[in-house]
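J.: Sharing a structure with you now.
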Amino acid sequence: MYLSIKKSLKKKRIDWPYLRSQGAFLLMLLPGFVFYLIYLYLPIGVAVLVSVKNYNIKAGILGSPFASPWYKHFKFFIQSPYFWPLLRNTMVISMSKMLLGIPLAVILAILLNECRVNRLKRIVQTLTYMPHFLSWVVIYGMCFVLFSETNGLINDWLRSLTGSTVPFMTNPKIFRNIVIGTDLWKSTGWSAIIYLAAISNIDPQLYEAAYMDGASRLKTIWHITLPGIINVIVLTLILRCGTILNAGFDQIYVMYNESVYSTVDIIDTWVFRTGFQNYNLSLSSAVGLFKSVVSFVMIVTVNQISKRWGESLW
Amino acid sequence: MVIHLRYRIYDLFINIILVLIGLMCFFPMLYVVSVSLTPYEEYLRQGGIVLFPAKVTFEAYVQFWKEPYIAQCFRNTVFITVFGTMCNVIVTVLMAYALSRKNLLFRKFFLFYCLIPLLITGGVVPTYLIVRNTGLLNSLSALIIPTLVSPYILMITRTFFSNIDESLYESARIDGASEFKILFAIILPISMPILATIGLMYGVGHWNQYYASLMYISDSSKRTLQVVLREMLNRASRMESDIVVPTRTLQMAGVVVSAVPIILVYPFLQRYFTQGIMLGAIKG
Amino acid sequence: MKKRITQLVLCIALIIALVLTTACSTSSGSKSAEGDKSSTTTAPKTTKEPITITIFGVPTTVPETDPIIPELEARLGIDIIIESTGGDESLLVSRLAGGDIPDVFRVTTVSNLSSYYRDGVLLNLKDYMDEMPNVRDMFTEQQWARVTFDGGIYGIPRRPEENYNCWYIRNDWLKKLNKEDPSTFDELMEVAIAMNEADLDGNGKNDTYAISGTYGRAVSTFGRGAFEGFWTAYGVTNPETIMIKDNKAVLAVTLPEFRLATEEINRFVKAGVVDPEIPANNGDTLLEKMATGKAGICYGAWCNYSKIEQIERLTSVFPDAEWVPKRNQITTSYGVSGATKSASGNDAVYAINADLVDQPEKLDAILNMFNYFASDECDLLLSFGIEGMHYKIDSNGTIVKLDKMNELTYGWGIQFLGRPDMLYCMTKFDNCAEYIKYCATEIPIYYHYGQLVKQPEGINVPDIESYILEQVSQFIYGTRSMDEWDKFIDTLYKAYSIQTYVDAANETLTELGYIK
């Protein structure tokens, strides 16, 4: 406000329209601002405090004694023999989901946009969106129908063809691919929606002009569709990097088992086993902060890189 | 003529791929529905592979509808989805619009302010503490207010708004229109695709959420449908002689009941995703 | 123009106000924890309103049609609010951490109970024992010892359940193959191989694995695991558990017998008679395998094989399928196969909020309630329901089940202090009576004690447990060679510091009197 007033004074005439629109902006931001403060920022403060204390229920957040040393809970996590495997598994699963998921969703959106049979387009769009609503428990059940070594469809077929079977559900490496694959199957249609929305925001006149010029359809995609949605793609990529250490707790908690721990046990499942089933709040807060720091570094790096293409979050 | 033929082949190719993708999703969904309609004994007899039910029974649906408090929970879910999404969209759009304007004072500060919670979240317990201290516990608003704005969706909306041609604002401003008028009379009408998208994202988020409901609401009659579903699905993993283990058919019926209403919303929103192109078609 | 803006602002303000007011009105209108605080302070003034008691953490959702809780309320003259969590301890953790302590709450493990005690949340019941004589007399000294910390009593235990688990076998297949019920591992191997090769499901495919079950964290109504029969036959419990051997606490996996047992399982795996995806199985998939004739020998609880609805499911494909408990126990020179059981019984414990000291009236009502729970009259109500509706008592004084009792599938959740288990199961599941008795009385029980031991500082017990389970599954399936066993045990000592854990266990178990 002060700045603006100064600015208007410089012009020797108060710039009423400018002030009015700034006032409007503030009004627009107000409800969200308050919400952010209370429900997003306050918990962060609480979490930071809890992570450096030995949380005691009766004493509350402020009254609990500080942990000695203050980084005790961080140390406990980082010194766990599971730390590196957990970090690796989380990264591998999450990265694969991201690096395969975004291109697949973009391709699906473009394919749908290219389709000129309106009915087919609508049906496929609705169909691909439906798996988003299945619970993981049910998807795990369906995986068994397909991949089980004893009575699964694929192994039945392999058995009659080759006589041997593939341990889809218990081999750590193969099972990791199943985890990634089912997630892609479940979420691609859903994530394509945002790119579809972006495509429909592209000025239709551009397409007409290209058609007049006799550009091929592939060229149109390359020169009009993709550039038109590239900022949304970059945006989702950057935002996804911010949650790089969330590899999908819901899914993995339902699907994993001891024989595949070596590849699919992730940070969140570990925290659930150690921090929640056994009561250790400070530890789970510390791990949460650790994840946040990694996200922060990731997002800043990716944003710097994407600035070179002229896209940036800030 | 040659171009025409090339176009035909291209179209055919696209359609075939789409049909394949569609089938990949269609068969599993068909499987879910078929299993839910098959008697459990028949399902076992088929070795768990039922694509078309030979015998049809609604037994599983009847059974699912007997889960405790299901009718109330269904109502609650519909309520928070409709009302919650309305609040979400209004607040998000207002914020995103202000953030997208280049002449906003302290723009960088506000941007970072909205960005940081995307990276750092307080976690379950600290959020619970705040929800409790703001007096929301055990009310449906605990499922609406603490998720009023999603930082992720806010950023996406903002990006969409910043893509809008600057000249549109200029001409509006010369006409002397206020910011609220620009937003509601000019920007929103041409932003239907993004409004539909974020409405859908928020709506589905509300529909599918179960953890907040489990966490903040202790009264069984105020919970949401997903909690009933989860509880039913989890029942099989209990060591207790009394439990009647939910059959696979019951599980599938639960999934169908709790997904179909929200799936039905989609075709209604679909026309907004193609709107841009339709506008062009009219012009041409 | 200005009008428009003000209208809009008003609109938004209205929406927010609306949301906030609904929030406030619903939270104050409902019987939340805050609500009853005010009611108890105003209660003594005029007409006595019934005291409201919140019981948090009940593992089942009590349906709206439930007649038992209203009956209980009427008998005691109090209001009871049941808050169910599905047994999810993390909900209690957040609730307590939020400083929102329920009147009475269910804690699922003793080790968590000790953490809550340390934080000062729990009421010391020692001085109130005289007010609940029934409860005091219901439990043995050792059961009380579990909830005793530094001389105070901080929880009310639950009566343990009987053993439900044993090996089940397809009796009709045994007959078809003309085999005897095996009583040594060699005989078991012979039977298993015969089952594998005979193609008894008749689909012309070599896809039967005689032995199946579940493993590790996939706790289900099918019990703890396919290999429990193997391990107990060698006198050891599940790998990740603490057991007492020669009057000393040890981790089962570190015992030489455990290695022998694992080698035995490995032999079966190599012979191709063990389901290769036991770790990935859960209750559903296992039932499907059993019903479709893919397995013939499974370890599990009677309720999964002999309850009426389960029999229906298991015979849906092969009508003459007959799953029966294996009568001959497998014997080795180290032990007899049986079942493992936690010495703490059913772990769940009910605790009372320490702050209630300031509300003597409410506390009295709660103590009185628990005392009533421990009475015979209440036992009948919580176990069997309402006389005339769910059960009747015939002229011999025995309890006879009426049809409506089958609707009480949620009943176990509100049996706050447990139940007279044998009588209960045999009445409710009268068709399984024979098996219930068999599992409870004739199966050797091997106790483990891990749940009693508090996690020592700097040690991460869940890490130890998951590492052991993961590695043992690899040894079983041969993805890691048995030659590396010593290296594995070595890692346990070095990287996971299990010695500290075992020392802590020794200390606790000596205190509790399990080690003399």
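Every number in this text was worked out from the coordinates using simple rules, so none of it is lab data. Bear in mind that the values here come from a model prediction, so they are computed numbers and not experimental data. Methodologically, a virtual Cβ is constructed for each residue, glycine included, from the backbone with ideal geometry; neighbour enumeration extends over all protein chains shown.
J.: In vacuum, with every alpha carbon of the range B:2-57 counted as one equal point scatterer, what does the Debye formula give for log10 I(q)/I(0) at q = 0.14 Å⁻¹? Two decimals, please.
T.: -0.52
J.: Using the crude model of +1 on Lys and Arg Cβ and -1 on Asp and Glu Cβ, and no other charge, please compute the dipole size for the protein assembly as shown relative to its Cα centre, in debye to 20.
T.: 6200 debye
J.: How high is the FRET efficiency between residue C:400 and residue C:130 when r is their beta carbon distance and R₀ equals 41 Å, given to the nearest 0.05?
T.: Efficiency, from the Cβ-Cβ distance: 0.65.
J.: Find the Cα radius of gyration of the range C:63-150, compare it with 2.2 N^0.38 Å by division, and give the number to two decimals.
T.: Expressed relative to 2.2 N^0.38 Å, the Cα Rg reads 1.27.
J.: Obtain the nm distance between the two label points defined at residue A:249 and residue B:244 by a simple spin-label model: each point lies 7 Å from its Cα along the Cα-to-C-beta direction.
T.: Computed distance between label sites residue A:249 and residue B:244 equals 3.4 nm.
J.: When only Cα pairs under 8 Å and 6 or more residues apart are kept, what is the percent relative contact order across chain C?
T.: Taking the mean separation of contacting Cα pairs over the length of chain C, I get 21 percent.
J.: Continuing with the same structure: Residues of the range C:424-447 with backbone nitrogen within less than 17 Å of a virtual label 7 Å along the Cα-to-Cβ line of residue C:175, please, listed as ranges.
T.: In the range C:424-447, the label zone of residue C:175 (backbone N under 17 Å from the point 7 Å along Cα→Cβ) covers no residue.
J.: GNM, chain A, Cα, under 10 Å: largest mean-square fluctuation among A:44, A:14, A:139?
T.: In the Gaussian network model the winner is A:14.
J.: So, one more: Do any trypsin sites (Lys or Arg not before Pro) in the range B:90-157 lie in a loop, going by DSSP, with at most 14 other beta-carbon atoms within 10 Å of their beta carbon, and if so which?
T.: Taking the range B:90-157 and a limit of 14 other Cβ atoms within 10 Å, the loop trypsin sites (Lys or Arg not before Pro) found are B:102.
J.: Output the Kirkwood hydrodynamic radius of the range B:64-283, Cα pairs only, in Å rounded to one decimal.
T.: After inverting the pairwise mean of 1/r, the radius is 20.0 Å.
J.: Which value at 222 nm does chain A reach when only helices count, each DSSP H run of 4 or more adding -39,500 (n - 2.57), with the total divided by all residues and rounded to the nearest 500 deg cm²/dmol?
T.: -22000 deg cm²/dmol, from helical runs alone.
J.: Within the set of other residues whose C-beta is less than 12 Å from the C-beta of residue C:252, count the net charge using Lys and Arg as +1 and Asp and Glu as -1.
T.: -2
J.: Positive end of the dipole of the protein assembly as shown, charges at C-beta (+1 Lys, Arg; -1 Asp, Glu), about the Cα centre: which of A:63, C:411, B:229 has its Cα farthest in that direction?
T.: Most positive-ward Cα: A:63.
J.: Report the dimensions of the range B:44-143 along its three principal axes from the alpha-carbon atoms, largest first, rounded to Å.
T.: Rounded to whole Å, the extents work out to 68, 34, 25 Å.
J.: Quick check: convex hull of the Cα atoms in chain C, volume per residue, rounded to a whole Å³?
T.: It is 233 Å³ per residue.
J.: In the structure shown, do any of C:362/C:454; C:392/C:428; B:222/C:401; B:66/C:428 have a Cα-Cα gap over 24 Å, and if so which?
T.: Pairs exceeding the cut-off: C:362/C:454; B:222/C:401.
J.: Another question, if that's okay. Setting aside same-chain residues fewer than 8 positions from residue C:487, which aspartates and glutamates have a Cα under 20 Å from its Cα?
T.: By straight Cα distance, residue C:487 reaches A:258, C:240, C:257, C:263, C:264, C:463, C:465, C:470.
J.: List the pairs from A:97/C:205; C:270/C:326; C:179/C:245; A:97/A:291 whose alpha-carbon separation is above 28 Å, in the order I gave them.
T.: A:97/C:205; C:179/C:245
J.: Kirkwood Rh, the range C:370-422, all Cα pairs: how many Å?
T.: 11.5 Å
J.: Along the charge dipole of chain C, pointing to its positive end and built from +1/-1 on Cβ of Lys, Arg, Asp and Glu, which listed residue (C:233, C:308, C:496) has its Cα farthest out?
T.: C:496
J.: Let me ask another. Rounded to the nearest 500, what is the 222 nm mean residue ellipticity of chain C from helices alone, with -39500 (n - 2.57) per DSSP H run of 4+ residues and division by all residues?
T.: That calculation yields -12500 deg cm²/dmol at 222 nm.
J.: Excluding residues on the same chain fewer than 8 positions from residue A:121, give the aspartates and glutamates whose Cα lies under 15 Å from its Cα.
T.: Straight-distance partners of residue A:121: B:11.
J.: Assuming R0 = 25 Å, what is the FRET efficiency of residue C:271 and residue C:199, from their Cβ-Cβ distance, to the nearest 0.05?
T.: Once the sixth-power term is evaluated, E becomes 0.90.
J.: Compute a Gaussian network model of chain B, connecting alpha carbons closer than 10 Å, and tell me which residue from B:242, B:165, B:11 fluctuates the most.
T.: Largest GNM mean-square fluctuation: B:11.
J.: Hey, if you put +1 on the Cβ of every Lys and Arg and -1 on every Asp and Glu Cβ in the range C:140-203, which of C:145, C:167, C:192 ends up farthest toward the positive end of that dipole?
T.: C:145
J.: Taking the Cα centre of each part, how many Å lie between the range A:14-53 and the range C:291-362?
T.: For the range A:14-53 versus the range C:291-362, the Cα centre distance is 54 Å.
J.: Provide the percentage of antiparallel DSSP beta bridges, counting only those with both residues in the protein assembly as shown; round to the nearest 5.
T.: Approximately 60 percent, going by the DSSP bridge assignments.
J.: If you place +1 on the Cβ of every Lys and Arg and -1 on the Cβ of every Asp and Glu, how big does the dipole about the Cα centre of chain C come out, in debye to the nearest 20?
T.: 1000 debye
J.: What nm value, rounded to one decimal, do you get for the distance between residue C:186 and residue C:377 when each label is placed 7 Å out toward the C-beta?
T.: Roughly 6.3 nm, to one decimal.
J.: Please return the longest range in chain C lying between exposed loop sites, taking GluC sites (Glu not before Pro), DSSP loop only, at most 12 other beta-carbon atoms within 10 Å, and leaving the sites out.
T.: By the stated rule (loop sites, at most 12 other Cβ atoms within 10 Å), C:181-456.
J.: Out of every Cα pair in chain A, what percent are spaced more than 31 Å from each other?
T.: Counting pairs separated by more than 31 Å, the tail of P(r) holds 53 percent.
J.: While we're here: At 0.36 nm per residue, minus the direct Cα-Cα distance, what do residue C:311 and residue C:74 gain on full extension? Give it in nm, one decimal, please.
T.: Separation in residues times 0.36 nm, less the Cα-Cα distance, equals 81.4 nm.
J.: Can you pull the mean other chain C-beta count within 10 Å for peptide B:162-172?
T.: 1
J.: State, as an integer percentage, the relative contact order of chain A based on alpha-carbon contacts under 8 Å between residues 6 or more apart.
T.: That works out to 26 percent.
J.: Continuing with the same structure: Measure of size requested: the Rg and Dmax of the protein assembly as shown, with Cα atoms as the atom set and Å as the unit; please supply both.
T.: Over the protein assembly as shown's Cα set, Rg and Dmax evaluate to 31.4, 108 Å.
J.: Add +1 for every Lys or Arg and -1 for every Asp or Glu among the other residues with Cβ under 13 Å from the Cβ of residue B:270, and state the total.
T.: Neighbour charge sum, excluding residue B:270 itself: +4.
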